[in-house]
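Undergrad: This structure is in structure tokens; I'll ask about it shortly.
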Amino acid sequence: GIWQTLCAVLLSFAAAFCTTCAMSSIASSGGLVSSGGPYYMISRALGPVVGATIGIMYWLAITMLSVLECLGAVEALAMAAPSMRFPGFRQALGSASMALLALAVWGGMNIVTKLGLLFALVVVFTLFSFYLGLFMTGPGTVSPDVPGSEYITGLSWETFQSNWSPHYDSNVGFGTVLSLFYPCFTGILSGANRADVLKDPPRNIRIGTFGAIVFSFFLYTSFFLLWGSVATDTYLKGNFLDDHHARRLSSGGDISEEAGRLIVQTVVWNPFPNSAFVGIIIASLSQSLQCLIVAPRLLQNMAKDRLMPALRPLEKLSSSGEPVHALLFTYLAAALLVLIGELELVAPLLSMCFLMAYAFMNCSCFALTWLHSSTWRPSWIHQRRWRLLNLLSCGSGFVICITIMILVHPVWAMAACLIAIGLYAFVNWKVEAKEWGSAMDGITFRLALSALVQLEQSQHQHVNWRPQVLILYRIQKDRQGISSHEGNLRFASQLRKGRGFCMVACVLESQERDEQAQLQAAREKQVIKDIMVNEGIEGFAEVVIAPSMAEGANYIIQLTGIGGLVPNTVLVDWPEESEDDMFLDFVKILGFASTAEKAVLAVKGLKDMSLEDVKGEQSTIDVWWMIHDGGFLILLSWLLTQHRNWRQSQIRVFTLAENVSEDRAKAAGEVLSRTLRERRLFDVDVEVILADDAMIEPYTYDWTLRVEGRHHFLSSRGQKTAEAIPWEIDDLFVVDELTATTEARPPQNSTRSICSVGSGAAAEPPGGLVLVSDCREEPFDECRRGHVMRKPNESLPSLGQRLPMPSHDFTNLESCTRLNQVVLSRSSEAELVVLNLPQQWGTEAPQARAFMAYCNALTAGLKRVVFVHSSGHEVFDLSN
């Protein structure tokens, strides 16, 4: 039908118009036009990988267009001379024609240039013959003896109306029409293909290409209007012959060559026999010749860029400057494609390749305009209305190209996209680095910048905390240090199951920042990057040169990160050498991290950890909850169990309490076990250990300040003070008291707790075992009941006030040794022990020495230890 044919023309014109706008903008921006044509434009705009991918697809499209035109010439020859038809004549004649055209191109551009004027005259004559024949044809000019003459009406309004609606035969639809017609608008890049010989490429390309597509639009529109008015659909489809069912002149579908020959001889003006067919044949061969000129040069330009080693043999030119190697390769590809022999099979593939190239060209222009790239300098770039129009044009062009691909054939469209993706992956694998810029870098930058700004704003909510780890370690000048810290990096990679990022920072201790120190820092940074890649750690690496570990760590903690990508956790190695300087640096780092509101993970014994050591169901992770940070300790343990090496490990939780009875301690343990199970974390064995005040005083002396600080933080963020996971030890007893006063709990005959999930009647498997152990030297006094919570009349210190260090003299470490025996008796065989790190007692040498001695004595005899100190700003939303 006429209206659907006009829709095909309009869609093809819209795609060509938008793509021409993009091409003209790229050409006029300066420095982006060369003999590489559209390939050069795309590669310099979107980068070498995308450029090479689209260049290959565009080369394939040009080659297939040459095949299509060659087969069209063979079809016209078979119509003009039926005696030329024999089995396989399309393949045979097409191959011969292709070989002759390749020889003509091999002869040099001079021969083709001399033939150009002749080709142009033939095309003009052929168009004139068609127009004149359409206006002259009528019932009085056609002999009644001519087959199908009764269906020829001449230009008639009634015929136009009857042909307005579609009259499709079976297995033919709008997509078929569109696939056969769209190649008529694929010559829009001819100007860009020959940009190197144009006097003023930006102006010539713009005026010439826009003029060509507008002229083509009116030409094809008028052609279809005239053809739809001159004869009925029965005649135009070739159904006027009794024994044949339609083969269209340009399709090779279901029309016979005889019907096509009669239509052209009857309707088209022929001053001599078969003159129209001669014009069609010459016009088709001239177009095929032009494609054979462009395709090898395009391929040679890609080879010249040396993007892929496989293309390098095609880079060579002959003594006359012709790309003979690329021509030979292109001819071989065309010779294979011409063996298909069917236009209706070649046309959809051809359309897909062109449309994919055009879609990416529109995408290229859109990206450059949106990103305001410094290499993107068309004259209108500083005018907002033209920028908006360009964005609209390029965006529409991209959508139209994809739409046409789907309309032509959804399966072929999907195949073209898969081929493009496969080519992109292959080119990205094989491509060699190039120095020119890429708009993909700009896109990545804009997206990253936008994400960082949004992430920084969302970080104020502090919900769904995940570890963003800053790994700190030291090396001395002239020494390599990363080999002794691979265990720490491996541990950080296991925490990556929390989907946070990682920053590895090394402090190179050197009094002078000389050239030798800088070279060593550069080598160390590369070593870090290599290990991060091997361990699958996402993040960044940096090396800082500083006089001391503490000073360098201070710089790193303050300055590391940007926007929302700021580390919230500092991972440091526990000092093994018993030197005051090492202890003092370590304690200072704890102070810097605390001031910067970052959590601290101090790892001990993980440097040489083997991954095989923790595999198996018998491995355990023991969590020792010393008053504070219970939720933080449990979350870190859960994150570890998401890694394959800790997945089968059993979690055991030990929590210390004071001034409570065994019954209340047991109830608190059940609350913890039930909470972890309801939050879908894990079933754990919980042991509540009753201890004397002196045993845990380093964890309780600043308790009030820390609790009030956390509550103040939660309220300042507009969040509830109730925790998803119990945070302080008193949270367990508060929950237990509330439960006891608000509901009658069913009697329990064992220490196991069972709760239902959702609305189902099935119960969960029993939780972990809950035990209570009394390790107090003094008997429990009911009058002292109340645990460590601040008493009602106790004054609250200000949030910025520092509490004095514990009153005990810890140099004798008697209480610490007792606590160590409690820990060692339960966790000596544990693969990993996670426990609280007390608040440091000061930054002077005696205080640092006492603090380190206490922690070392507490963990003596344990395999691997992770000391954890929370910033108090971690919030976990586990309600879903």
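The values are calculated or read from the model by the stated rules, or taken from the named source; none is laboratory data. These figures come from a predicted structure and were not determined experimentally. Every residue, glycine as well, gets a Cβ built from its backbone with ideal geometry; the counts of neighbours run over all protein chains shown. Side chains are part of the model used for accessible areas, which takes the heavy atoms of the whole protein and leaves out ligands, DNA and RNA. Shrake-Rupley method; radii C 1.70, N 1.55, O 1.52, S 1.80 Å.
Undergrad: Tell me, rounded to the nearest percent, the portion of alpha carbon pairs in segment 49-90 spaced more than 12 Å apart.
TA: Pairs farther apart than 12 Å: 67 percent.
Undergrad: May I ask you to compute the full-extension gain from Ser661 to Glu597, defined as 0.36 nm times their residue separation minus their alpha-carbon distance, rounded to one decimal in nm?
TA: The Ser661-Glu597 span can extend by a further 19.5 nm.
Undergrad: Moving on. Counting only protein chains, not ligands or nucleic acids, how are Thr817, Thr19 ordered by accessible area (probe 1.4 Å), most first?
TA: Thr817, Thr19
Undergrad: Kindly list the residues of segment 395-424 that lie in the label zone of Leu345, defined by a backbone N under 16 Å from the point 7 Å along the Cα-to-C-beta vector.
TA: Output list for this probe position: 412.
Undergrad: Quick one: what are the phi-derived ³J(HN,Hα) couplings along segment 348-357, Karplus 6.51/-1.76/1.60 with θ = phi - 60°, whole Hz, x for glycine and proline?
TA: Karplus values, whole Hz, x for Gly and Pro: x, 4, 4, 4, 4, 5, 5, 5, 5, 5.
Undergrad: To continue, here is another question. Compute the FRET efficiency between Asp145 and Tyr168 as 1/(1 + (r/R0)^6), taking r as their Cβ-Cβ distance and R0 = 25 Å, and round to the nearest 0.05.
TA: That gives a FRET efficiency of 0.25.
Undergrad: Report the full-extension gain for the segment Ile421 to Arg85: residue separation times 0.36 nm, less the Cα-Cα distance, to one decimal in nm.
TA: Answer, rounded to one decimal: 116.9 nm.
Undergrad: Listed here are the pairs Lys529/Lys604; Lys316/Lys529; Lys666/Lys863; which of them are more than 32 Å apart at the Cα?
TA: Lys316/Lys529
Undergrad: Around Gln650, which amide H atoms from residues at least 5 apart in sequence, or from another chain, sit under 5 Å from its own amide H, with H modelled in the peptide plane?
TA: Ser619, Thr620, Ile621
Undergrad: Then there's this: Taking the Cβ-Cβ separation of Ala104 and Asp514 as r and a Förster radius of 56 Å, what is the calculated FRET efficiency to the nearest 0.05?
TA: 0.25
Undergrad: Working out 0.36 nm times the residue gap between Cys184 and Trp269, then minus their Cα-Cα distance, what length gain in nm do you get to one decimal?
TA: 28.4 nm
Undergrad: How big is the accessible area of Trp370 in square angstrom, nearest 10, if you roll a 1.4 angstrom probe over the protein chains?
TA: Accessible area, nearest 10 Å²: 90 Å².
Undergrad: Also: Tell me, what is the per residue accessible area of segment 55-178 in Å², probe radius 1.4 Å?
TA: For segment 55-178, the solvent-accessible area averages 49 Å² per residue.
Undergrad: A further question on this structure: Using a 1.4 Å probe and counting only protein heavy atoms, arrange Leu328, Leu336 so the residue with the most accessible area comes first.
TA: Descending accessible area places them as Leu336, Leu328.
Undergrad: Another one. Excluding ligands and nucleic acids, what accessible area in Å² is computed for Phe223 using a 1.4 Å probe, to the nearest 10?
TA: 30 Å²
Undergrad: Roughly how many Å² of Asp514 are accessible to a 1.4 Å probe, to the nearest 10?
TA: Counting only protein heavy atoms, the figure is 40 Å².
Undergrad: What FRET efficiency comes out for Asn428 versus Gln642 if R0 is 35 angstrom and r is the Cβ-Cβ distance? Round to the nearest 0.05.
TA: So, using R0 = 35 Å, E works out to roughly 0.70.
Undergrad: Rank these residues by their accessible area, most exposed first, probe 1.4 Å: Arg776, Arg523.
TA: Putting Arg776, Arg523 in descending order of accessible area: Arg523, Arg776.
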